[in-house]
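All remarks here apply to the structure that follows.
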Amino acid sequence: MARLELNDLRKTFGRGEDSVEAVSDLSLSVSDGELLVLVGPSGCGKSTTLNCIAGLDSVTDGTIRIGGDPVNERRPEERDIAMVFQNYALYPHMTAAENLEFGLKMTTGLTAAERRERVESTAELLDIDRLLDQKPKSLSGGQKQRVALGRAIIRDPSVFLMDEPLSNLDASLRSTMRTEIQQLQEDLDVTTVYVTHDQTEAMTMADRIAVMRGGTLQQVGEPLECYYRPQNRFVAEFIGEPAMNMVQVTRRGDRFVADGFEYPVPKRADHLSSGNSFTLGIRPGAIDVVEPQTGAATGTVGVVEPLGETSHAHVDIADTTLTITTDGPGTVERGDVVGVDFPPQRVHVFDVDTGVAVA
Ligand code: ATP
């Protein structure tokens, strides 16, 4: 177990005009045994960050510490880290058992019998003991990923790094493996950085989420903290499904107004100047359907997407469309004219230009 710290980490690829700053001044710490999920859209610098921690990419600037020790100058195999990749990275000519054992041969001075014992106990833990004699090509995607996880676990490293390990699996297997990895990580109590672009994976698995965009850290916090108190518009729209609704409004006296929309300024937004424009954010699940002309706005229901227990309905209001989550099927139907309203504590207010949350 070990604490992992990144201080002002910067990684630039290339030189001069063609250079790309993949990671900018990233400072982050992951506690002993914590599962931190790095999440963000494609190209935001997640994998580069992970590769720098692993030592697969050199660092342009900044310090990486594991258990308090700077590791920038250490080779990957000297960092006591195990990494799991999206494409499994198993040796095709080796059986599952040999793949598991390989990591042990490289790093420890165990006897053959001790290695065999570790392979067996790891295989049992991951429920792949029946597959030990098979080569990767005869394993399913899920089985391969279990072997890859086993190869990481067997070395008993200080830090696990996982780069989109579930991306190649189908939806139902992904959801099962998500729970299993989370359970495994909790049982093994190993400091873990898990990279994904999937916000659901981040929300469901993480002790804390670190949201990245364009190489910079946007917010670090527990999943529900990022969901309920996003620090900026980017985090607000990235976390949560369907995405948070955004409405451009102007404050006029004690109201936020837009075409077809009027809402009392919540108390905590009272410091915002009248006459200025803002972006209001409202989660689809926070919106109630009310009688027309009684709520914040009245609109016409467009597409309704039934999901069983809930539906997502799109309500057109002047030049805005709000997505709302309703109970079950039949609560609203296409063409219905409905009012929409929401409690003041569920309204987020963002600066129009910077996107920073201002109330
Ligand atoms: P994805 O989810 O698509 O893997 P990511 O968030 O992991 O994306 P990175 O792979 O870290 O993003 O890439 C960050 C930026 O750095 C991108 O603009 C990418 O093109 C650039 N980049 C990454 N590796 C290299 C490299 N070896 N040489 C040049 N540019 C690179």
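Taking 4 °C and 1.567 mPa s as the conditions, I'd like the Stokes-Einstein D for the stretch 3-160 in µm²/s, using the Kirkwood hydrodynamic radius from alpha carbon pairs.
76 µm²/s
Is any residue of the stretch 183-215 close enough, with backbone N under 20 Å, to a label point placed 7 angstrom from the Cα of N87 along the Cα-Cβ axis, and if so, which?
The answer is 195-198, whose backbone nitrogens lie closer than 20 Å to the label point.
Mind checking Rg over Rh on the stretch 124-232, alpha carbons, Kirkwood formula for Rh?
On the way: Rg = 15.4 Å, Rh = 15.3 Å.
Computed over Cα atoms, the ratio is 1.01.
With N denoting the number of residues in the stretch 174-241, provide Rg(C-alpha) divided by 2.2 N^0.38 Å, to two decimal places.
Scaled against compact globular proteins, the figure is 1.13.
Restricting to bridges with both residues inside the chain, how much of the DSSP beta-bridge set is antiparallel, in percent to the nearest 5?
Looking only at bridges with both residues in the chain, the antiparallel portion is about 75 percent.
For the chain, what ratio Rg/Rh do Cα atoms give with a Kirkwood hydrodynamic radius?
Result for the chain is an Rg/Rh of 1.07.
By how many nm would the segment from R229 to D8 lengthen if fully extended, with 0.36 nm per residue of separation less the alpha-carbon distance?
Answer, rounded to one decimal: 77.1 nm.
As a test of the formula, what do you get for the chain when each DSSP H run with n ≥ 4 contributes -39,500 (n - 2.57) and the sum is divided by the residue count, at 222 nm and rounded to the nearest 500 deg cm²/dmol?
-7000 deg cm²/dmol
For L110 and T63, what does the FRET efficiency come to when R0 = 41 Å and r is the distance between their Cβ atoms, rounded to the nearest 0.05?
On the way: r = 33 Å, r/R0 = 0.79.
That pair, L110 with T63, gives E of 0.80.
In the stretch 245-351, if every C-alpha pair distance is counted and binned at 5 Å from zero, what percent goes to each bin?
Reading upward from the zero bin: 2, 13, 24, 25, 17, 10, 6, 3, 1.
For the stretch 221-286, what is the convex hull volume of the alpha-carbon atoms per residue, in Å³?
Expressed per residue, the convex hull around the Cα atoms of the stretch 221-286 is 100 Å³.
List nothing, just return the count: lysine pairs in the chain, 8 or more apart or interchain, with Cα separation under 22 Å. Intermediate values should be presented prior to the final figure.
Values: K11/K46; K105/K135; K105/K144; K135/K144.
Counting lysine pairs in the chain gives 4.
Given a Förster radius of 22 Å and the C-beta distance between S277 and D319 as r, what FRET efficiency does 1/(1 + (r/R0)^6) yield to the nearest 0.05?
Computed FRET efficiency for S277 and D319: 0.90.
Could you give the length gained on full extension between D341 and S175, defined as 0.36 nm per residue of separation minus the Cα-Cα distance, in nm?
So the chain would gain 56.4 nm between D341 and S175.
Once you put a point 7 Å from the Cα of V257 and another 7 Å from the Cα of K137, both along the Cβ direction, what distance in nm separates them?
For V257 paired with K137, the spin-label model returns 7.2 nm.
Just so you know, all these numbers are worked out from the coordinates, no wet-lab data involved. Everything numeric here is computed off the predicted structure, so don't read it as measured data. As a convention, Cβ positions derive from the backbone with ideal geometry for all residues, glycine included, and neighbour counts pool all protein chains shown.
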